[in-house]
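Have a look at the structure below, then the notes.
The values are calculated or read from the model by the stated rules, or taken from the named source; none is laboratory data. It should be emphasised that the depicted structure is a prediction, and the values quoted were computed from it without experimental measurement. Backbone-built Cβ (ideal geometry, glycine too); neighbour counts: all protein chains shown. Surface accessibility is based on the protein's heavy atoms, side chains included, excluding ligands, DNA and RNA. Shrake-Rupley method; radii C 1.70, N 1.55, O 1.52, S 1.80 Å.
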Amino acid sequence: MSSASPSVPRDTLIHGLGRGVINTVCLLGDLFLFGWEMLGWIITRLPPRSNLWSCMYHIGIQSIPVILITGGFIGMVLAVQSYDQFKLMHLENQIGAVIAISLVEELGPVLAAIMLAGRVGTSMSAELGTMRVTEQIDALRALGADPIHYLVVPRFLACCLLIPLLTIVADAVGILGGWFFSTQILGVDSFYYWHYSEQFVYAYDVMGGIFKSFFFGAAISLISCHRGFHCGAGAEGVGKAATEAFVYSFIVIMILDFLLGVTIVNFYHFMQSVYPGVLR
């Protein structure tokens, strides 16, 4: 009498989709609980100053060369790509307005955040992941210190405080790079470059970009620390955590950029309808 072989469940597209949805919901829930615990420590007790200064030096000072290079070349690329189109319309003297408004509203905050997600986010994730693999995080708990308060809170505060400042640096260097290339290479008059930049860029535009960069910094630090704390075993797990930290940060930056951009524009129109000219 032949025995019936056990049936193997089929892994269909529906199974894969359901598994992906469940994993995403679990990841978001775990990230929320991780952030909630970190927020509780921020409210109740700040981290030691030595930890905070060390993180601020690593995230802020050591990121300045990357931000200077990124911002400068963004401004020059904008000048190169915009000049021919503006010249066809005899508006090349207004190129400064396009460079400035593009940088302070969109390209400066987003590209600076992406570069910092690659430099700072992956570094934090790999560092914390190595501490997880070598059981240093468990040793902190054994010594009576909370790892989230000792390791995560300083990095979160440093990112939230310094990434907006680095965004301002990127904006300023990008505008200067666009000015240099436009005036010295393309022959645009320096007076008109600065005149139209001042005329078309308002303080609300600058503050909107800085406002977005604050949320970008919070997302980078929270995601990177979460991935490091939940790192897999071995060198492969550390590398995977660093990769996930950058990829997830990039996706969240794009989503936040869209949502915050819509919010800022709607708030601007609302304020203009209630108090005309107040945000200029």
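So which of Glu127, Glu106 ends up being of a type outside the set (Val, Ile, Thr), within 18 Å of Met56 (Cβ to Cβ) and either open to solvent by less than 40 Å² (accessible area, probe 1.4 Å) or touching a residue at least 24 places away in the same chain (Cβ under 8 Å) (or both)?
Details: Glu106 fails: within 18 Å of Met56 (Cβ to Cβ).
From the options Glu127, Glu106, the qualifying one is Glu127.
Tally the residues that are touching a Leu at 6+ places or on another chain (Cβ under 7 Å) and either charged (D, E, K, R) or in a helix (DSSP H, G or I) (or both), restricting the search to the range 43-67. Full working, then the answer.
Quick first cut of the range 43-67, residues touching a Leu at 6+ places or on another chain (Cβ under 7 Å) only: 52, 56, 59-60, 63, 67.
When the remaining residues are screened for being either charged (D, E, K, R) or in a helix (DSSP H, G or I) (or both), the result is 52, 56, 59, 63, 67.
Here the count works out to 5.
Restricting to the range 46-68, count the residues that are of a type in the set (Val, Ile, Thr) and open to solvent by 80 Å² or more (accessible area, probe 1.4 Å). Show your work before the answer.
Here is the first cut: in the range 46-68, the residues of a type in the set (Val, Ile, Thr) are 59, 61, 64, 66-67.
Still in the running and open to solvent by 80 Å² or more (accessible area, probe 1.4 Å): 61.
Adding up the residues that qualify gives 1.
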Is one or more of the residues making up the range 69-92 open to solvent by 60 Å² or more (accessible area, probe 1.4 Å), out of contact with any helix residue (DSSP H, G or I) (no Cβ under 6 Å at 6 or more places or on another chain), at pLDDT below 85 and closer than 26 Å to Val169 by Cα? no
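Kindly indicate whether Ser221 is of a type in the set (Ser, Thr, Tyr) and within 14 Å of Thr167 (Cα to Cα). Reasoning before the result, please.
Values: of a type in the set (Ser, Thr, Tyr): yes; within 14 Å of Thr167 (Cα to Cα): no.
Against the criterion (of a type in the set (Ser, Thr, Tyr) and within 14 Å of Thr167 (Cα to Cα)), Ser221 does not qualify.
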If we keep just the residues of the range 211-247 that are open to solvent by less than 80 Å² (accessible area, probe 1.4 Å) and outside any helix (DSSP H, G or I), which is farthest from Thr130 (Cα to Cα)? Gly232
Of the residues that sit in the range 251-273 and are at pLDDT 90 or above, among the hydrophobic types (A, V, I, L, M, F, W, C) and crowded, with 17+ Cβ neighbours inside 10 Å, which one is nearest to Leu107 (Cα to Cα)? Ile253
Could you tell me whether any residue of the range 187-210 is part of a helix (DSSP H, G or I), in contact with a Pro (Cβ under 6 Å, 6 or more places away or on another chain), in contact (Cβ under 8 Å) with a residue 60 or more places away in the chain and open to solvent by less than 80 Å² (accessible area, probe 1.4 Å)? yes
Name the single residue that is surrounded by the most Cβ atoms within 10 Å (Cβ to Cβ) among those in the range 154-186 being modelled with pLDDT under 90 and among the hydroxyl-bearing types (Ser, Thr, Tyr). Ser182
Conditions first: (1) in a helix (DSSP H, G or I); (2) open to solvent by 70 Å² or more (accessible area, probe 1.4 Å). Pro276 passes all but one, so which condition is the exception? (1)
